[in-house]
Amino acid sequence: MFKVTNKSVFIPLLLSLGFIWPIQFAVSAPLLPPLNKSNTGEQITGKFIWFEHATVDIEKQKSFYGDVFGWTFRTISKTDDQYTLIMNGGHNVAGLFSVKPGEGAKLGALWIGLMSVSDPEKAVSSVERNGGSVHTQPTTLAQRGTYALLRDPEGAVFGVLKSDSGDPPDAVVKTGDFLWVDLFAKDTAAAGKFYQQLAGYKVETSDENKGVKRVLLYASNKPRAGIVPLPKDANRAGWLPYVKVEDVTATLKKVEVAGGLIMVPPDKALLNGNLAIFSDPLGGIMGIVKWTEHEMENK
């Protein structure tokens, strides 16, 4: 979807991608609202349609992300998970829930993207058959649909979801909404094959950056995710979500004031300075992008 150069500025990611584990997911089954107010009738297999944020301190994360993006929050569960909806401009964009830190965990936050699939059971079988593992077997939540939490062969955590109200249709992304996801992987070709077998992606590989191959995953004729090389000395592969912002520099100032850490500052070689990556106070990693439609030339 967007063009990034494989520069050494991405090396700081190795400081964070392994910090979260082990965290023990102990999520009950709150009554979640459907993804869409009315059934869209859409099934866009391979599109990332929802995001979850697991953390050991919900209140700290609400304060941080509220200050950075202006997000608002509505807690809908009184159980231990304290499941909370994250809203941008009045519409739901993600969920936030509490987890217990496992023994040896250094920090306590992780963003998890959920990919649309038509059959979670088949998705789980594909993951297991091709070297991944299952964290949470397919579980049905009233109104929301059936989901599963998984790890790919390199250990990157992601989820799959069959929505009961259909998938959100493709539309222009609003400021403060999730725009894109990248997988940082040691073997981008193998990762591309794994996810192709899982979700039927069309896989395209670019070789534009001095011999460094970048993989794009297409579904329904649109790019849905990227796979980029992880530095050789990094300790863990991982998915990285990006949020659309109006001003990268101004957003990073809010990140610092709120207690976050800038990991990849704006660089002219990275989307002409319109991309950055930060860590929240508990170690959750997120990218931000200033994005306009005319920048779609590198699809």
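The values are calculated or read from the model by the stated rules, or taken from the named source; none is laboratory data. Because the structure is predicted, anything quoted here is derived from the model rather than measured. Glycine gets a Cβ as well: all are built from the backbone with ideal geometry, and neighbour counts include every protein chain shown.
Structure notes:
- The single condition among (1) closer than 28 Å to LYS244 by Cα; (2) surrounded by 19 or more Cβ atoms within 10 Å (Cβ to Cβ) that VAL124 does not meet is (1).
- Counting only residues that are β-branched (Val, Ile, Thr) and modelled with pLDDT under 90, the stretch 86-108 holds 1 of them.
- Exactly one residue among ASP164, ASP119 is without any contact (Cβ under 8 Å) to a residue 60 or more places away in the chain and over 17 Å from the mean Cα position of the chain (by Cα), and that residue is ASP119.
- Considering residues of the stretch 63-79 that are of a type in the set (S, T, N, Q) and assigned to a loop (DSSP other than H, G, I, E, B) only, the residue nearest to LYS174 (Cα to Cα): SER77
- Test for TYR83: is it modelled with pLDDT under 95, crowded, with 21+ Cβ neighbours inside 10 Å and farther than 30 Å from GLN197 by Cα: yes
- Residue within the stretch 61-79 that is more than 19 Å from VAL243 (Cα to Cα), among the charged types (D, E, K, R) and either crowded, with 19+ Cβ neighbours inside 10 Å or touching a residue at least 24 places away in the same chain (Cβ under 8 Å) (or both) present: no
- Filter result for TRP111 (more than 30 Å from ASN221 (Cβ to Cβ), crowded, with 17+ Cβ neighbours inside 10 Å, modelled with pLDDT of 95 or more and in contact with a strand residue (DSSP E or B) (Cβ under 8 Å, 6 or more places away or on another chain)): no
- So ASP267, is it over 18 Å from TRP180 (Cα atoms), surrounded by fewer than 20 Cβ atoms within 10 Å (Cβ to Cβ), among the charged types (D, E, K, R) and in contact with a Gly (Cβ under 9 Å, 6 or more places away or on another chain): yes
- Summed over the stretch 167-187, the residues that are in the same structural domain as ASN221 (by TED's automatic domain parsing), of a type outside the set (D, E, K, R) and closer than 21 Å to ALA123 by Cβ give a count of 4.
- Test for ASP167: is it more than 24 Å from PHE73 (Cα to Cα) and out of contact with any Pro (no Cβ under 7 Å at 6 or more places or on another chain): no
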